[in-house]
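Encoded as structure tokens, the structure appears first; notes follow it.
Each value in this text was obtained by applying a stated rule to the coordinates, not by laboratory testing. All values derive from a computational prediction rather than experimental measurement. Virtual Cβ from ideal backbone geometry, glycine too; neighbours counted across all protein chains shown.
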Amino acid sequence: MKVVTTLLKEHPFFTGLADKDLAFLSGCTSNSHYKEGEYLARENTPANHFFLIRSGRVAVETFVPNYGPLCLMTLHGGDIFGWSWLYPPYLSAFDARALTSVRSLKLGGQCLRDKCEKEPRLGFELMKRFTKVATERLQAARIQLLDLYGPHPSQGIPRCDP
Amino acid sequence: MIPELWRVTHRREEFPGTITLSLTREAGGPSPIQPGQFNMLYAFGAGEAAISLSGSSASPAEPLTHTIKGQGLATQALCKLEVGTQLGIRGPFGQGWPTHLAANRPLVIIAGGLGLAPLRPLIYSFLKGHLPARRLQVFYGARRPEEMLYQPELGHWRSSFELVTSVDHASTDWNGHIGVITDPLRVTHLECNDALVFVCGPEIMMRFCIQVLLHKGVTESNIYLSMERNMKCAIGICGHCQWGPNFVCKDGPVFCYRDIRSWFQINSL
Ligand SMILES: Cc1cc2nc3c(=O)[nH]c(=O)nc-3n(C[C@H](O)[C@H](O)[C@H](O)COP(=O)(O)OP(=O)(O)OC[C@H]3O[C@@H](n4cnc5c(N)ncnc54)[C@H](O)[C@@H]3O)c2cc1C
Ligand code: FES
């Protein structure tokens, strides 16, 4: 069986991170497995973990009253889920539900925060990686909002100017 | 150029508002057309619209296939044509996909929404062994699973080459990616040094895809796009489709990104 440090190293989120940093982070990491239908995180509950998805599919969802869960995006092997552990009040913003069997690495939020405070260089490195993913997700959300394949904008999508 | 008479021999609704027509020429005879080229389809009394070939181009004797989304007067009238009715056709026009460049190389096709239509002839060529590409990867993004084109064919395609589908919205019983097509494009391995990439879809979607492709190391000269501009004459006379120094009807609609980059980035063009 592979050791946690090796698994961390194999995940794209940590590509190029120094071995000593990976060894340092492995202290916060455990291997986790979710069956289809199980939740990795629930909306509005304590966000105690950050997940590196190794394989499988995860739906990021929110619950719409009188409708049910609405899927905002799916995540796959190589993706990450969760940065709510970084900021107070440390509550998950969305549900994350396994759509298939999911293998992931789970890093403790408190443990990560403590390590980053102790080792600001590593903290900054991680921050850069989180903001890159967050920026990509923001851009993707904006493209989704544009409804690219829907009616042409000339057919009635409101413009910003009056 | 005067339209010739053609007749609808088959009609399939892909999803409400978008149909695929098979057409045969009333006068008979072959009608050669290349993948990426388009015809001007004339719905009598309503008007003409530029529509790309969306079916096989293998034999000029096969019926001509076009996929049409009802947008305005002409395309909505074309969408209403029943089997047995006549329409007028001028064409084919324009420069198609440079398939000769695909010889022994990996071909990547990126389609958004209706943009799959002009790319489907290439998929057919690949499946028939007529396209010299070494490998085919297809990325196809749509609004919802119900609004995906050619649904009966997607399963066969998936088992014949790498097909990555993505929709903006879906319930979780949909098996593909939910999000935008740039996400799977970003994480999928492409043979970037050598890959030839053909892209067709809404212009903003193509812009975002190009950003990802360039970031992955695909060179500008290996990216080809199919552009859309309003057409009238389709033979480079009226100037309706002028785009920078190019006429989309005559110099395009397929362009190499390297050659049009500067026009692509000007908003008002
Ligand atoms: C080379 C080329 C290939 C094409 N291939 C296809 C094809 O295979 N299938 C197909 O359905 N269409 C295709 N089109 C687009 C098609 O030609 C237009 O949708 C059509 O000309 C619209 O004509 P209309 O009279 O129906 O609508 P119009 O009355 O001219 O316009 C209808 C509405 O659509 C808006 N509109 C303007 N530009 C676009 C746009 N690019 N997309 C959507 N709406 C727009 C207009 O502002 C207007 O509100 C192609 C265009 C080109 C240039
Ligand atoms: S449509 Fe007339 S010049 Fe292109």
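Miscellaneous remarks
- Shielding of peptide B:175-182 by partners, expressed as the average count of other chain Cβ atoms within 10 Å per residue Cβ, is 6.
- Neighbourhood charge, 15 Å Cβ-Cβ cut-off, centred on B:G236 and excluding it, Lys, Arg +1 and Asp, Glu -1: +3
- The range B:207-269-the range B:86-143 distance, computed between alpha-carbon centres (Å): 17
- Assuming charge only on the beta carbon of Lys and Arg (+1) and of Asp and Glu (-1), the dipole of chain A about its Cα centre is about 340 debye to the nearest 20.
- The relative contact order of chain A comes to 26 percent, based on Cα pairs under 8 Å that sit 6 or more residues apart.
- Viscosity 1.567 mPa s, 4 °C: Kirkwood-radius Stokes-Einstein D of chain A over Cα pairs, µm²/s: 75
- Summed over qualifying helices (DSSP H, 4 residues or more, each -39500 (n - 2.57)) and divided by its residue number, chain A shows a 222 nm mean residue ellipticity of -10000 deg cm²/dmol.
- Beta bridges assigned by DSSP with both partners in the protein assembly as shown are antiparallel in approximately 70 percent of cases.
- Förster radius 35 Å - calculated FRET efficiency between A:L86 and A:V64, Cβ distance, rounded to 0.05: 0.85
- Residue pairs exceeding 21 angstrom between C-alpha atoms, taken from A:K35/A:K128; A:K132/B:K216; B:K80/B:K128; B:K128/B:K250; A:K20/B:K216: A:K35/A:K128; B:K80/B:K128; B:K128/B:K250; A:K20/B:K216.
- Simple Cβ-charge dipole of the protein assembly as shown, Lys/Arg +1 and Asp/Glu -1, about Cα centre, in debye nearest 20: 600
- The tail of the calculated P(r) for chain B beyond 23 Å holds 52 percent of all Cα-Cα pairs.
- Pair A:T135, B:E82: separation of 7 Å Cα→Cβ label points (nm): 5.8
- Along the axis of the charge dipole computed for chain B (Cβ charges of +1 for Lys and Arg, -1 for Asp and Glu, origin at the Cα centre), the listed residues B:L225, B:P118, B:H169 are led at the positive end by B:L225.
- Net +/- balance of residues flanking B:S221 in space, Cβ distance below 9 Å, scoring K and R +1, D and E -1: -1
- Each listed q (0.15, 0.16, 0.19, 0.21 Å⁻¹) maps to a log10 I(q)/I(0) for the range A:4-98 from the Debye sum over equal C-alpha point scatterers, namely -0.63, -0.71, -0.95, -1.11.
- Net length available on complete extension from B:E191 to B:E203 is 1.9 nm, with 0.36 nm assigned per residue and the Cα-Cα distance removed.
- Selection among B:P35, B:I178, B:T85 by position relative to the dipole of chain B gives B:P35 as farthest towards the positive end (Cβ unit charges, Cα centre).
- Those residues of the range A:98-119 whose amide nitrogen sits under 16 Å from the label point placed on A:E10, 7 Å along Cα→Cβ: A:102-106
- Dipole of chain A [Lys/Arg +1, Asp/Glu -1 at C-beta], most positive-end residue of A:A96, A:H33, A:T135: A:H33
- Per residue, the average separation of C-alpha pairs within less than 8 Å and at least 6 apart gives chain B a relative contact order of 17 percent.
- By the rule of a C-alpha distance below 18 Å, with chain neighbours fewer than 8 residues away ignored, the aspartates and glutamates paired with A:K9 are A:D19, A:D21, A:D79, A:E125.
- Only Lys, Arg (+1) and Asp, Glu (-1) charged, at Cβ; the range B:132-269 dipole about Cα centre in debye: 320
- Gyration tensor (alpha-carbon) shape descriptor, the range B:117-210, a/c threshold 1.5: oblate
- Inter-chain Cβ neighbour count for A:77-83, averaged per residue, equals 1 (cutoff 10 Å, partner chain atoms only).
- Length released on extending from A:M127 to A:N44, taking residue separation times 0.36 nm less the Cα-Cα span: 27.6 nm
- Förster radius 25 Å - calculated FRET efficiency between A:E119 and B:L214, Cβ distance, rounded to 0.05: 0.10
- Charge context of B:S160, other residues only, Cβ under 15 angstrom, K/R +1, D/E -1: +3
- Here the translational diffusion coefficient of the protein assembly as shown follows from Stokes-Einstein with Rh set to the Kirkwood radius across Cα pairs; for 10 °C and 1.306 mPa s it amounts to 67 µm²/s.
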